[in-house]
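Just below is one structure, and these are the notes that go with it.
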Amino acid sequence: MNMMKTTAALLLLSILLSVQSDYLPKPFVELLDRAKMHFEKPFGLETTPLIENRQMNYEYALKYPKKQYEIRYAVRPLDQMIAQHEEAQRNKKEGDVSIHPNKLYSAMLTATVLNVSGGKNAEITPFNKNDVKDEFNADWGATAFFEVGEEFGQDYKYCLVVALHKDDCADAYIFYLAKTKKKFAELMNLPFYALKFK
């Protein structure tokens, strides 16, 4: 009888641990709520620790076990920037320039690529407007592929970034990192739609 109780307790503990491992960190969930985004953790990927760096902060990361392929998520809600912009517009003086946060997405992606690559430029390819709306419920999206800088990339050599923007909601960046180019074709499909706007 004691053996059955022990086995049942161990089974319950393993179920609880597997459920807990799928929980998203609270700060990431709060950002998703502010950004009006939905995230569904892809099957087969594991949460991996964040790496502090000066090139690009991000809030959540996943990797395939033993496949040297990592995905990092950075979500930037626009609510506070929009509030600051509106305040600046109310107090605007002659000669003041203030660009609405809904117009900064392309420049922000360019700056992000320069930071993450360690100063190298990369070609940015926008998504078709209808496709990005249908597939991510976004107003704009683009990709860029480049050799990643050492501080952000650590042991990885290549990065493919996907940027998404939705007016009045957020900008989001998904960084796919690998040591070889062929990993992108092999492993990108499953997690590609994990992060979308609601």
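General observations
- Pick from the range 93-118, criterion part of a helix (DSSP H, G or I) and among the hydrophobic types (A, V, I, L, M, F, W, C), ranking: surrounded by the most Cβ atoms within 10 Å (Cβ to Cβ): Val116
- The set of residues in the range 44-78 that are without any contact (Cβ under 8 Å) to a residue 60 or more places away in the chain, within 21 Å of the chain's Cα centre (by Cα) and surrounded by fewer than 15 Cβ atoms within 10 Å (Cβ to Cβ) comprises Glu46, Pro49, Leu50, Glu52, Asn57, Pro65.
- For the residues Val132, Val116, the requirement of being of a type in the set (Val, Ile, Thr), over 21 Å from Met56 (Cα atoms) and within 17 Å of the chain's Cα centre (by Cα) singles out Val132.
- Residue check, Ile99 of a type in the set (Val, Ile, Thr) and closer than 15 Å to Leu177 by Cα: no
- Pairing residues of the range 17-29 that are farther than 19 Å from Lys198 by Cβ and surrounded by 10 or more Cβ atoms within 10 Å (Cβ to Cβ) with residues that are at pLDDT below 75 and not charged (D, E, K, R), at Cβ distances under 7 Å and at least 6 apart in sequence or on separate chains, gives no pairs at all.
- Of everything in the range 119-157 that is within 19 Å of Lys198 (Cα to Cα) and among the aliphatic types (A, V, I, L, M), the residue that is surrounded by the fewest Cβ atoms within 10 Å (Cβ to Cβ) is Ala142.
- Looking across the range 135-159, the residues that are more than 19 Å from Asn57 (Cβ to Cβ) and of a type outside the set (Phe, Trp, Tyr) come down to Glu135, Asn137, Ala138, Asp139, Gly141, Ala142, Thr143, Glu147, Asp155, Lys157.
The values are calculated or read from the model by the stated rules, or taken from the named source; none is laboratory data. From a predicted model like this one, the values you see are computed outputs, not experimental measurements. Counting neighbours? That spans all protein chains shown, and the Cβs are built from the backbone with ideal geometry, glycine included.
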